[in-house]
Each structure stands twice: as C-alpha cells, then as structure tokens.
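**Q** One structure is given below, represented as structure tokens, and several questions about it will come after.
What follows is calculated from the coordinates using simple rules that are stated; it is not laboratory data. Predicted model only: the values in this text are computed from it and were never measured.
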Amino acid sequence: MSDIAYYRTHYAEYHDKTFHIDPAVFLSGFVKYLRPGDHVLDIGCGSGRDLSWLKQKGFLVTGFEASPGLADLARRHADCPVIEGDFEAFDFQPLSVDALLMSGSLVHLPHNRLVPVLANILKALKKSPDARVYLSLKEGEGVFNHTHHRTYYLWQDQDIRSIIDGLGLGVLDVARSDSARGTGAVWLGYVLGRSLDH
C-alpha cells in the first residue's frame with residue numbers, strides 16, 4: 001500500500017488518531033505572523049482540524065487534500081472549500097493566498113522531490129512581502145518506515161534551510177518539538193516569509 005493509498009482507505013482511522021490534537025501547540029507561532037482575515041491554504045489538510053482552528057481565529061481558509069474521505073470530513077468540520085488534488089501535479093498558479101500551511105503534509109516526499117513540490121505549491125502564494133508559509137518536517141537521518149508501508153523522509157535543519165533559501169524564502173521563526181501524539185518523533189516547524197533579496 002502506498003502512502004497516498006493509506007490516507008484514501010484509512011481516512012477514518014487517521015482522523016481518530018489526529019483530530020483531537022490542539023493545533024495551538026505548533027501553530028501559535030505561525031498565526032503571530034498573519035494579519036486578521038488573511039487567506040490560508042492548508043496543504044494536506046486531513047480531516048480539517050487546523051482549518052477549523054484557523055477559521056475560529058478569524059482567518060479565511062481553504063483546504064487541499066488528496067484523500068476524498070479526508071476532504072469530505074474537512075468540509076464538514078470546517079465548513080470551507082476543500083480542493084481535492086495531488087500537490088505534485090495540481091496547477092496552483094490561479095490561486096492567490098496570503099499564507100500556506102504545510103503541517104506535516106510533505107513528510108512522505110522523497111528528499112529529491114521536496115524542492116520541485118514546494119516550488120509548485122508556492123505558486124499559490126501572493127507576491128507580497130507579507131506572505132507567510134508554515135512548513136513542518138520530521139527531524140532525523142534517512143528514512144523511517146511506519147505501519148501500513150508508509151515511508152517518512154527525515155530532515156536536518158541545515159538541509160531544510162538550504163532549500164528554503166534557494167526558493168527565495170527566509171526563516172522568521174523555527175521550533176523543534178516532540179510529537180504531540182507521543183510517538184517519539186521530533187518535528188521541525190518553520191515560519192517563513194519572502195526574502196528581501198529575492
């Protein structure tokens with residue numbers, strides 16, 4: 001079973017394991033950099049936990065999700081638009097949002113696919129100095145194989161920063177935190193803005 005297939009077929013199980021987690025733990029640092037009413041696109045929005053939280057904070061939200069089951073749950077939980085698609089192939093160019101949220105959504109991407117996928121997703125972001133991005137990835141070396149044949153690609157801070165810089169983004173804030181689910185994983189969470197020299 002592929003990573004995508006897991007979320008398509010086990011969407012209810014994934015919802016039950018993740019929906020109860022309080023997003024404030026890892027998103028409070030992100031929303032500090034947003035303006036009231038900013039439009040946030042949540043890439044890999046799952047069942048809508050973060051969408052609901054952001055909406056309650058007064059932000060305009062749109063979800064993006066590959067799993068139809070999770071997308072349907074997100075629409076019901078957050079009462080907002082949710083685009084169904086594959087972020088590797090989707091044309092993000094017509095979108096124009098103030099902020100992008102990628103909370104753990106790119107963890108299954110092979111290391112050599114992160115740059116082109118991020119570059120594609122960033123097309124949805126307004127060409128504004130106030131545009132913001134949140135990106136979180138798991139810390140470590142190499143890869144980690146989990147249940148249901150899911151593969152997690154692990155990252156070091158310096159490698160992420162090199163990629164971020166190459167995409168014309170700068171680090172505004174970074175947090176290193178243990179998994180909210182108590183799995184033992186360590187997450188690196190970055191709040192990003194457009195670099196002034198790009």
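**Q** Give, in nm to one decimal, the length gained when the segment between SER128 and ARG76 is fully stretched (0.36 nm per residue of separation minus the Cα-Cα distance).
**A** Contour length minus Cα-Cα distance gives 15.6 nm.
**Q** May I ask you to evaluate 6.51 cos²θ - 1.76 cosθ + 1.60, the Karplus curve with θ = phi - 60°, for each residue of region 130-140 and list the ³J(HN,Hα) values in order in whole Hz, giving x for glycine and proline?
**A** 8, 5, 10, 9, 10, 9, 10, 9, 7, 7, x
**Q** Classify region 47-130 as rounded, prolate or oblate, taking a ≥ b ≥ c as the square roots of the eigenvalues of its Cα gyration tensor: rounded when a/c is under 1.5, otherwise prolate if a/b is larger than b/c and oblate if not.
**A** Note, shape of region 47-130 comes out oblate.
**Q** When a/c reaches 1.5 or more, the comparison of a/b and b/c decides; with that in mind, is region 34-91 rounded, prolate or oblate per its Cα gyration tensor?
**A** Here region 34-91 falls in the oblate category.
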